[in-house]
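The values are calculated or read from the model by the stated rules, or taken from the named source; none is laboratory data. Since the structure is predicted, the reported quantities are computational estimates derived from the model, not experimental observations. So basically every Cβ, Gly included, is an ideal-geometry build from the backbone, and we count neighbours across all protein chains shown. SASA here: full protein model, heavy atoms, side chains in, ligands and nucleic acids out. Shrake-Rupley method; radii C 1.70, N 1.55, O 1.52, S 1.80 Å.
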2 protein chains.
Amino acid sequence: MPGVDAPESKVDLLIIGAGPAGMMAAAWAAHTGIKARIIDKRNTKIFTGQADGLQCRTLEIFESLGFADRVWKEANHMIEFSMWNPGPDGKLRRDDRVPDSPIGISRWHESVLHQGRIERFFLDNIGKYSRENGNEFSVERGVLPLEIELEEGAVEDDAAWPVKVKVRHLSEEEASPEQHEKADGVSDGLFRSNLAPDDTEELQRRTSGMEGREEVIRAKYVVGCDGAHSWTRRQLGYKLEGEPTDYIWGVLDIVPITDFPDIRNRCSVHSESSGSLMVIPRENSLVRLYVQVNEIKPDAETGRADRSKITPELILKSAQKVLAPYKLEYKHCSWWTAYQIGQRVGTNFSKNERIFLAGDAVHTHSPKAGQGMNVSMQDTYNLGWKIAHVVQGKAPRSILKTYQSERRRIAQDLINFDHKFSRLFSGRPAKDAADEAGVSMEEFKRVFLQGAMFASGLSVDYGRSMLIAKEGSAKEQGDGTEVESAAVKVVGNQALCKAASIGMRFPSFQVLNQSGARPWPFQVWLKSDGRYRVVLFAGNVKEPEQRQRVDKWCEEAEKSGSWLKKYTPAGATIDSVIEILTIHSAPRVDCNLLEDFPDLLHPMRPNYMGWDYNKVFVDDASYHDGHGEAYKNYGVDPVKGCVVAVRPDGYTGFIGELEDVEGLSNYFAGCLLPASKASNGS
Amino acid sequence: MPGVDAPESKVDLLIIGAGPAGMMAAAWAAHTGIKARIIDKRNTKIFTGQADGLQCRTLEIFESLGFADRVWKEANHMIEFSMWNPGPDGKLRRDDRVPDSPIGISRWHESVLHQGRIERFFLDNIGKYSRENGNEFSVERGVLPLEIELEEGAVEDDAAWPVKVKVRHLSEEEASPEQHEKADGVSDGLFRSNLAPDDTEELQRRTSGMEGREEVIRAKYVVGCDGAHSWTRRQLGYKLEGEPTDYIWGVLDIVPITDFPDIRNRCSVHSESSGSLMVIPRENSLVRLYVQVNEIKPDAETGRADRSKITPELILKSAQKVLAPYKLEYKHCSWWTAYQIGQRVGTNFSKNERIFLAGDAVHTHSPKAGQGMNVSMQDTYNLGWKIAHVVQGKAPRSILKTYQSERRRIAQDLINFDHKFSRLFSGRPAKDAADEAGVSMEEFKRVFLQGAMFASGLSVDYGRSMLIAKEGSAKEQGDGTEVESAAVKVVGNQALCKAASIGMRFPSFQVLNQSGARPWPFQVWLKSDGRYRVVLFAGNVKEPEQRQRVDKWCEEAEKSGSWLKKYTPAGATIDSVIEILTIHSAPRVDCNLLEDFPDLLHPMRPNYMGWDYNKVFVDDASYHDGHGEAYKNYGVDPVKGCVVAVRPDGYTGFIGELEDVEGLSNYFAGCLLPASKASNGS
C-alpha cells in the first residue's frame, strides 16, 4: 500500500477521464462554479480520428454552453443519405436518397468533426467559465487513479467528502501509451479501441513502486468517464451486460481518390456478397469509411479477433470489393482503427449516488449511427447540473437518482436501436422477397428513417420523476429506479403547450426581443448556467383581462415564500436560481417594456446596471427573418398563454395555467431546497 | 539628422498606423503572403470606445477574411430605427419606425461592437494567415515614424525599394500617450478625437535626442493609415479640404437607467429647442449617445472649441434636456469623448502610387452615420490586394491608380452624404411647413432612408477602369484620375447577369454544393485570398447543346496562352491566380460531378488529395433551407448561363457569353501580367 502520508485535497467533484463525457461534466462544473477537478491518465488530448458524429441535440447543448458556432463553422454538415444496393443484375446502384437529418426538428443538422476539435472547444470553454465563476480548473493529464473508497456511512451527509481517491501523478514517459504509429505518421486508434483492452491496469503495474507523487483527493462526488474498459467501473465491481458479435469492422479516415459519385454524401453501401460499408464525408476533404472486414474472424473460444492482423491496406481492400466496379485509392490517411461490434449496458450507473459512471463506461455499441460521443456527452449533461445543485445546497440529494432512471433507460433504447441497425447493416442484402436469410433493403430504409429521429437525440423523453411532472409511473418510464417525489404528486397540463412535451427538450422557435426587435431562436436564451427557467407565455398583454392575469401571476411570485422567493437566497438577484423569461403575443409596436410588463419580468440589474432588456420577447414578424409563429408552433393559446418550467438542461418539467401557482410551487418543491438551507458547497 | 548607421531592413509593404484601416491592409498582406510590417506609435491596442458601427458590406468583407462570425456573435444587431420628434404640442413623441438596414440586400445587418474587439479579431486573423502563408508578422507598437523619403527616379522600377522610412522604437513610457483618465477608471477618448490635435509631433519632439533604437525600413510600398492628423499626409504635404462646423457633439458610452421606451433601438431624437441626440444600442447593455452640446461654442477666431470644458456630466445634462420628459441617469460609463463635425477629403490619395493614404488620413466626417471605421477599412480592402498583386509580379503597376479613382470618389460621396445628414440632424425641427429655418422631419426621414442604402456600403459602384469593364468614361466615373486600360477597350455584357452590376460587389444567393447538397450563400466561396474568380453560370448541363458549350469553354481555357493558362505560373495549380467556380441549373440529383462537368471545373488537388468537390454548385432546392433561386436572383438565363469575372475584393469586373473568350481574355489582359514575368516580390 502506498504511503498514508500522501497529501490530501478536497473537491466538490472529481471527474476521472477527459474524453467528451468527462469534458461535459467539467463544463457543468465550470458554468455553475463548483470546485472541480478532471484527471486523465494520458498525457495529451486527442488530435485526430476517434468519434466524429455530432447530432442535432448535441449541437443545441453546445450552443447553450457557448461554442456551437465553432463546431458549425469547422464541421462538415451532413445533408443527404444515399443507399446503394445491388440491383436486380447484382450491380451496385443508388437505390434512394433521403435527408440525413429529419426536416424541421432543429436549426442544426448532423455534422462531423473529429473529437480532437471538440475537446479543444471544451477546454477553452471550461477555462473561460471556471475562471469567470471563481473556481478555475483545467484537465490534469498524466494522473492515474490507484484506489477509490466510499465511506458508506457518510453518503447522505451533505457536509461530508465521502469519496477518497488516491491518484498517482505520472512522469511524461509513464503517461504516454504505446501508440501504434506507422512510419508514415498515420496513427491508428487501436490503443483506445474496443478491440484492445485499455491499459489502465498495465500502467498501474508498471508504475507501482516507481518514483512519482501520490495524492489523496477527497471528493463529494466522483464521475467515472473512463471509457469502455473503465477503471472506475471495475473498482465498483459493476458489469457491462451484453455480447460481442461476429462482425469485425475497419475504420479509415482518408482523402479518397474515387469515381464513386456519392463520396461526399453519407452512404450505406451493401454489396451483393462482399459485405457493407458506410461513407461519412468529413471536414478538410477527409472521408471516413466504416468497412466490414470479412477476412478476419473472431477466435472461436474467446470470441475476440486478433487485432494485429488488421491493417489499413486490408481495410482498403475490403472497401474496394464493396464499392466495385467503382475505384477507390488514397495517398493520405489521417487515422484508422478496427472494432468488433458489441452492445452492452452497465448494470448500475452509480454507487450510492456518490460515484457515477457515464459514457462508454456504461454503454458500448457500434459507432456507425454516430451516437457514441453524443450519448456519452448527454449522460453527463444530464448529471452535471444535478451534482452542482446538490453541492450548492440548492437541491435535495434525491434528484440524483434521476440520473440512472433517465440515462440507463436511454442506454437501453440505444442498444436496442444499434442492435437492429447493425444487424441490418452488416447482413447480406436479400436477393428477392423469397430470400429470407438476406436483409430486405426496404426494411433497412424503414429502420434508418425511424432511427434518424432517435439518432438526432431529439426523441429523448425522460420519464416521470420529481423533475418531470407528467402522467404515469416513474418506475415504468425509467429504468426501474424509484424517482417519484416524496411530496405531493404534480402533473403538468400538457394541453396548454402542446409542442413542449413534458420530459422532452423544450423546442425552439423564433421570437423577437420586445425592446430591440432582434429575432432570436428562443433556445439561445436557455443557457447552461444551472438555472431553472419559467417561460411565461403572457398571451396578449394588451387585453385588460389578460394583463390582470399577468399582474396577478407576478404578484404571487413576489410574495414571501412563493415558488420564486423561497429558493432565492437573501441578497441574491431575483433571477439567480429561477429565471423568468416572457414571450407575449400582443403586437410588438403596441407595447412598451416598462409600461406593459411588471418589473419582475425585466428586473433592475444589480449595481444600477439598468433594466434587464433581455427577458421579454414577442411572437411577431421580424424585418429580415420572417415570423416565428411561436405561439402556433409551441401550441399555446395566443390570448391566455400558460406557464412552462424548464430544467437547467433544457427539458420541460411542468406546464400550468397562470392561476396554477400551486402546481408550480409543488413542482419546484420536488426539485429545490428552500434557500435558508443553501450553502456554498465547499 | 539621426545617425546614418541605423540598421536597415527591407519589406514589400510598410503600414503606418494599426487602427482598422491599417489592420485591413495588413490582413491582405497576411492572406496573400507578401512581406509586410505594420507599426503604430501607441503601445497598446484600443480596449473600449472609439468606432463601433459595422455595416453590411463590412461584415461581408469580414466573412471573406474568416471572422464575421466572431463579430456577429458578440455585436448588437441593429434592427429598428425610430424617429422621435416634437409633436404639435411640442412634446417628444415617436414619429416613425423603419428597419435600420434596408431589407433583402444582405444576409448581414448593421451591427455595433467596439473597435477594440474588431482590432482583436484582426490581430488573430493576421497572425494566423501570415503564419500559414510563410511571412508571419504582427503589429509593432511603440514605433514612431521620423522621416519618409521617396526615391522618385525608382518609382516605376519593380525591383526597387524606393521608399525609405526612418523609425524610432520608443520606450514603453514614451509610447504611452497621456490618457485623460478620471479617478473612476473611465477613459475619455479625447487624446485620439477630432477635437484634440494628435500627438505625433509632440512625441517626436520629446523623443528627439533621447536614447532609443532607430531603424531604416526600405519598402516597396507604404500605406499611411495614421488618422485624421496623419503624420504621413503631412510629410507628403497633402491637405484635407473642407471646413469644420459650429456643432459640438459629445459621445457617452453608458449603461442607461431610463424610462425612454426606445433605448434599445437606434433612434434620432430632435427636441423642440434643446438640440438633438442619437441613441445607438450597444453590446453588453451599453448604449452610445451622440449628444449635441450647445453649452460650448467654438472660438470665434480659430473655429475650434475648448475641449477641456467638456465633461461627461455636461454631455449627460444635454442629453437629459433633449430626452425630457423622459428621465436618464447612469452609474456606469465605459468611455466618452467629444468632437466637432468637419467634412474633409484629401486632395491626393497617393504619392506616385508608392506611398498611399487611407482612412481618416484622407476623409473625416461625423461619426453618427456609422461610416468612419467602415469606409476606412474599405479603403485598404480596395488597395491591399492591388499592392500584393504588383509586388508578386502578377499585375502591372497601372492598376494602383484605380485606388484613388475608386476610393476618392467614394470619400467625396460620403462627405456629401454626411454634410446633408449632419445638417438635418443638428438642426432645430421645423414647427410647421411655414417654418423654413427649421428642419422638415419629412425631409429627414427621406434622407435617412435614401442614406441607409449608401450607409450599408452596398451601393458602392466603382467606375470604369482596367479592372471594371463597363460603359462610360473612366475619368467621369471616378475622381478624375486616368485609369483607362491601355489595351483594347473591354465592355462586359451587363444584360447577361442583371443583378451583378459591373462595378458593384457580386451579390450572394444560396446555392447547393453539387456533391454534398449542402446549401451555401455563394459569397462564402469568394474568399479574400488574392485570387480572381470566374463564375461560370453553366446553365442546364443536361441539355446536350449547352453541355457542348460548356465543354468548348473549358477547352478554350485549357489551351496554352488562354486567359487562364497565361497568368498561371508553370508548376502552380490551375486555380492559383484565377479560380473557376461553377453554378449550374440542371437538377442536382440528375448530375454527377465527374461525368457532367469537365475536369477543369473540379481539378485534382495537388499531391493526389482527391478531386476538388468545392467548386461546382447548383441552383436547386435544399432539404432544410428552401430554394435560393440563384439564376432568377442573379438575373441569368437558366439554360444558357454566362461568365462573370469577379475581382479579388469581390467586385464584378466583366460579364460575357460563354463564347466571348476574347472579351474575357481582354479583360484579364488589363488586370494581370503573363506568368512568365511573375516573381515573388522580395
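Tabulated data
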item: Ordering of A:507-520, B:310-323 by packing [mean C-beta count within 10 Å, highest first]; result: A:507-520, B:310-323
item: Convex hull volume per residue for the protein assembly as shown, taking Cα atoms only, in Å³; result: 199
item: Percent of Cα pairs exceeding the 44 Å cut-off, where the set is chain B; result: 26
item: Around A:His365: net Lys/Arg minus Asp/Glu count, Cβ-Cβ under 10 Å; result: 0
item: Per-residue mean of C-beta atoms belonging to partner chains within 10 Å, peptide A:515-522; result: 5
item: Antiparallel bridge percentage (DSSP; both residues within chain A; nearest 5); result: 70
item: With every protein chain in place, the stretch A:474-671: carbon and sulfur % of accessible area (1.4 Å); result: 50
item: Packing-based order for A:582-591, A:88-97, using average beta carbon neighbours within 10 Å, highest first; result: A:582-591, A:88-97
item: Charge sum, other residues only, whose C-beta stays under 11 Å from B:Pro429's C-beta, Lys/Arg counted +1 and Asp/Glu -1; result: -4
item: Ellipticity estimate at 222 nm from DSSP helix runs (n ≥ 4, -39,500 (n - 2.57)) divided over chain B, nearest 500; result: -8000 deg cm²/dmol
item: Dipole in debye (nearest 20) - the protein assembly as shown, about Cα centre, beta carbon charges: Lys, Arg +1; Asp, Glu -1; result: 120
item: Burial order of peptide ranges A:665-671, B:523-529 (average beta-carbon count within 10 Å, highest first); result: A:665-671, B:523-529
item: Per-copy distances of the A:Asp306 label point, shortest first, in nm (7 angstrom along Cα→Cβ); result: 9.7
item: Residues in the stretch B:267-309 that, when all protein chains are in place, have 30 Å² or more less accessible area than the chain alone would give (probe 1.4 Å); result: B:Ser285
item: Local electrostatic count at A:Lys239 - Lys and Arg +1, Asp and Glu -1, tallied over other residues with Cβ under 11 Å; result: +2
item: Inter-chain Cβ neighbour average for residues B:585-594, partner chain, 10 Å; result: 2
item: Rounded percent of accessible protein surface that carbon and sulfur make up, the stretch A:247-340, 1.4 Å probe; result: 49
item: Chain A, closest residue to the rotation axis toward B, by beta-carbon, whole angstrom; result: A:Asp69, 3
item: All Cα pairs of the stretch A:474-671, percent lying beyond 24 Å; result: 37
item: Computed magnitude of the charge dipole of the stretch A:474-671 (debye, nearest 20; Cβ of K, R +1, Cβ of D, E -1); result: 320
item: Å² per residue, accessible surface of chain B at 1.4 Å; result: 37
item: Cβ-placed point charges (K, R +1; D, E -1), dipole of chain B about Cα centre in debye, nearest 20; result: 140
item: B:Val223 long-range amide H proximity, modeled H, under 5 Å; result: B:Leu14, B:Ile15, B:Ile16, B:Phe356
item: Shielded by partner chains, the stretch B:74-93 residues - at least 30 Å² of accessible area, 1.4 Å probe, vs chain alone; result: B:His77, B:Ile79, B:Glu80
item: At 7 Å out from Cα toward Cβ: A:Lys239 inter-copy label distances (nm, ascending); result: 9.5
item: Nearest-first distances (nm) between copies at B:Ala495, label 7 Å from Cα via Cβ; result: 6.6
item: Solvent-accessible area of B:Phe137 with every protein chain in place, 1.4 Å probe, in Å² to the nearest 10; result: 20
item: Antiparallel bridges, percent of DSSP beta bridges restricted to the protein assembly as shown (to nearest 5); result: 70
item: Loss of accessible area when B meets A, both sides summed, Å² nearest 100, probe 1.4 Å; result: 4000
item: Beta bridges per DSSP with both ends in the stretch A:474-671, % antiparallel, nearest 5; result: 65
item: List B:Glu151, B:Glu657, ordered by accessible area with a 1.4 Å probe, largest first; result: B:Glu151, B:Glu657
item: Within the accessible area of the stretch B:90-164 (1.4 Å probe), percent carbon and sulfur; result: 42
item: Stokes-Einstein D in µm²/s, Kirkwood radius over Cα pairs - the stretch A:247-340 at 37 °C with 0.692 mPa s viscosity; result: 245
item: Long pairs among A:Lys35/A:Lys164; B:Lys565/B:Lys632; B:Lys368/B:Lys498; A:Lys640/B:Lys445, criterion Cα-Cα beyond 27 Å; result: B:Lys565/B:Lys632; B:Lys368/B:Lys498; A:Lys640/B:Lys445
item: ³J(HN,Hα) computed for each position of the stretch A:595-603 - Karplus, 6.51 cos²θ - 1.76 cosθ + 1.60, integer Hz, glycine/proline x; result: 7, 9, 9, x, 3, 3, 7, 8, x
item: Shielded by partner chains, the stretch A:313-353 residues - at least 40 Å² of accessible area, 1.4 Å probe, vs chain alone; result: A:Lys331
